[in-house]
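**Student:** Here it is, the structure, as C-alpha cells.
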Amino acid sequence: MLKNYKELKVWQKSYQLCLEIYKITAKFPKDEKFGLTSQIRRAVVSVPSNIAEGYGRKTTADYIKSLYIAYGSNCELETQIMLGGDLDYIDSDILEGIKDDIHEVERMLKALIKSLENKHLNP
C-alpha cells in the first residue's frame, strides 16, 4: 500500500514533466505570457494536481473522476505543445522528447484508471 500520492509513478512522472515544461515555456516570446504560455502551464500543473487530489478523495469513484480530469489535461497539454512546436517556440529535438513524456503519462494514467475501474467493479 502506498503511503501517499507522491509514491505513485504517474504522479512522479507528471511532476517532472511539469518542471520541464516550465523551463521550456520560460523561453517563449514575452507576448505569449498571457496566451499560450499560461495555457500550457495551467494544463501541465493540472495533471499531477488532479492525481494528488483524487488520491486524497474518499471514494474510488471520486479518484477515478480526478484521474480522468488529469487525463484530459494531459491531452490538452499535448495539443498546446504541438502548437508551440509548429510556431517554432520549441526546438524539434526537445519537442519530440516532451511528446514522448506526455505519451508516457497518458499510458500510465490509462493503466491506473483501468486498474481502479476493474477493482471498483470487481471488489
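**Student:** Could the peptides 23-35, 74-86 be put in order, highest first, of the mean number of other beta-carbon atoms found within 10 Å of their residues?
**Tutor:** Going from most to least packed, we get 74-86, 23-35.
**Student:** As an exercise, take the mean of 1/r over every pair of distinct alpha carbons in the chain, invert it, and state the Kirkwood radius in angstroms.
**Tutor:** Details: mean 1/r = 0.0671 Å⁻¹.
Across the chain, the inverse of the average 1/r is 14.9 Å.
**Student:** Label Phe34 and Ser92 with points 7 Å out from Cα along Cα→Cβ: what is the distance between them in nm?
**Tutor:** My value for the distance between the label points is 3.5 nm.
**Student:** Next question. Would you mind checking the pairs Lys30/Lys65; Lys58/Lys99; Lys9/Lys30; Lys9/Lys119; Lys9/Lys65; Lys9/Lys114 and listing those with alpha carbons more than 24 angstrom apart?
**Tutor:** Values: Lys30/Lys65 35 Å; Lys58/Lys99 33 Å; Lys9/Lys30 34 Å; Lys9/Lys119 19 Å; Lys9/Lys65 19 Å; Lys9/Lys114 15 Å.
Check vs 24 Å cut-off fails for Lys30/Lys65; Lys58/Lys99; Lys9/Lys30.
No lab work stands behind these numbers, since they all come straight from the coordinates. Keep in mind that what you see is a predicted model, and the values were worked out from it rather than measured. Cβ atoms come from the backbone with ideal geometry, glycine included; neighbour counts cover every protein chain shown.
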